[in-house]
Amino acid sequence: MEGLIQFTGIVMIAFGILQIILFFKIWGMTNNVKRIWKKIDNKDFLSDACVSYIKGNLEETERLANEAFLQEVALLSEVTKRV
């Protein structure tokens, strides 16, 4: 019976240590997400599409929105490669 209690205690200690490690890893990942969003928010690709939409030019709006989407995807992939 003592062996089972000792084994359970060792497992609980190992589990506690792994939980602490996981906490700090997740905390570090949230800092990376904040850094990525800071870099993305500095560039606003959709503003031209919004202006075009307000003017009523829907074809130009669609083209600019698609272009903005591709630019943001390219920027996001570039930023995540560096992180």
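No lab work stands behind these numbers, since they all come straight from the coordinates. Fair warning: this is a prediction, and the values are worked out from it, not measured in the lab. Because the Cβ atoms are built from the backbone with ideal geometry, glycine has one as well, and the counts that use them run over all protein chains shown.
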Kyte-Doolittle mean at least -1.0 and Cα axial length at least 30 Å: DSSP H helices in the chain = 2-41, 58-82
In the chain, lysine pairs closer than 21 Å at Cα, eight or more apart or cross-chain = 8
Could you work out the per residue convex hull volume over the alpha carbons of the chain, in cubic angstrom?
-> 126
The stretch 1-81: trypsin sites (Lys or Arg not before Pro) in DSSP loop, at most 12 other beta carbons within 10 Å = Lys43
